[in-house]
Structures are given as structure tokens and as C-alpha cells.
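Nothing in this text is a laboratory measurement; each read-out follows from the coordinates by a stated rule. What you see is a predicted model, and the numbers here were worked out from it, not measured in a lab. Don't worry about glycine lacking a Cβ; one is built from the backbone with ideal geometry, like all the others, and counts go over all protein chains shown.
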């Protein structure tokens, strides 16, 4: 299920904005609209905190325990009795190629439990967007592969962008960052890092 992290809701300035909206006098024509907007901000911030809590819980989940190994060692065939036939020369063969060391049970469990992304991060941008440039610089620094899709340079990209917004109930804005099914409208380094870690990019 796709989820959205909107970094703007984490701005402490929203406290003051919400208070001012709820302080609009009852006789004012804008009272109803102000209260509706204040309720929308409160709901968005509640959703933001819930999603961050779920991401943190995912990161703190204990690794999958490895199955216990049996105490009894595997059976080994008894060596064959020496033959009484005359010895014969056997040509020397190349030494066997050493096998890579096997992972310890706990390391193997952790490796198998870590999610693997299904593809690169997809970022919908515009050429004039400064926040898009900061988001791309962050992904470059963290060496995370991504595909940039300028919604103003391609009708196909614009249609794809609008379809994802409609499908997942996302607000308008760029960049729209798709982290293997987790979505962020805008850019916040901390929130994006949690999403990348949750999907196995970091």
C-alpha cells in the first residue's frame, strides 16, 4: 500500500497557522473556510506523525531468527577398505577452487530479511524547480540510483505524474518522489532517508 510523507507538515510554523485559523471571529464570512483548513492541517499532521512512527517501528523490528541447527552431526560414510590390487599412478589434478565462506546463521537471516527495491527511485521534476535540484543532489551524495522525469518536457511523463497523484491521493507539487511505492511530495532529507532505508536502498 502506497504511503505519503509530506515534509511540510513537520514545520513548527503550522502550529501558529492552525491557531490563527481557529481564532477567526464567528461573525466573519471566512470562519467556515478557516476552520475547514485548520481541520485539514491537523489531519495532515496527524497522518504525518503516524507514518513516521510506522517507519521507525519498521527499522527497529528485530531480525528474523535463524532456524536452530541440529546437535547431531551428519552421518559420514565409512572409508572403503584398502584394495589389494597393485597400485596405479593417478594423474595430478588442479587444486579445487575454494568456496566462498558461508554466512553465519544470524548474518544470513539479516541478509534475507532486508528488503530489496524493485527498481530505481523515480522523481517527477521541472527544470525551474529548486527543491528538485536539492533532492537530486541528496540522491547523488547517497549514491542512490534514480530516474528523473521532467513533467513539462514530456506529455507521457505529465500523464504518468497525474495518474500517480490520482491513484494515491497525492497533492500537487514537485518534486514527486516515488521510492518503490512510498511517496514524498517536496523534499526533506530525514524523511527521504527513512523511506530509502525502509525500501532497502540504503
- √(5λ) per eigenvalue of the Cα gyration tensor, segment 141-199, largest first, Å: 21, 14, 10
- Message: Roughly how far apart, in whole Å, are the Cα centres of segment 114-142 and segment 164-202?
- Response: 9
- With 0.36 nm assigned to each residue of separation and the Cα-Cα distance removed, residue 202 to residue 167 gains 9.9 nm
- Label-reachable residues, segment 128-151, where backbone N falls under 18 Å from a point 7 Å from residue 116's Cα toward its Cβ: 145
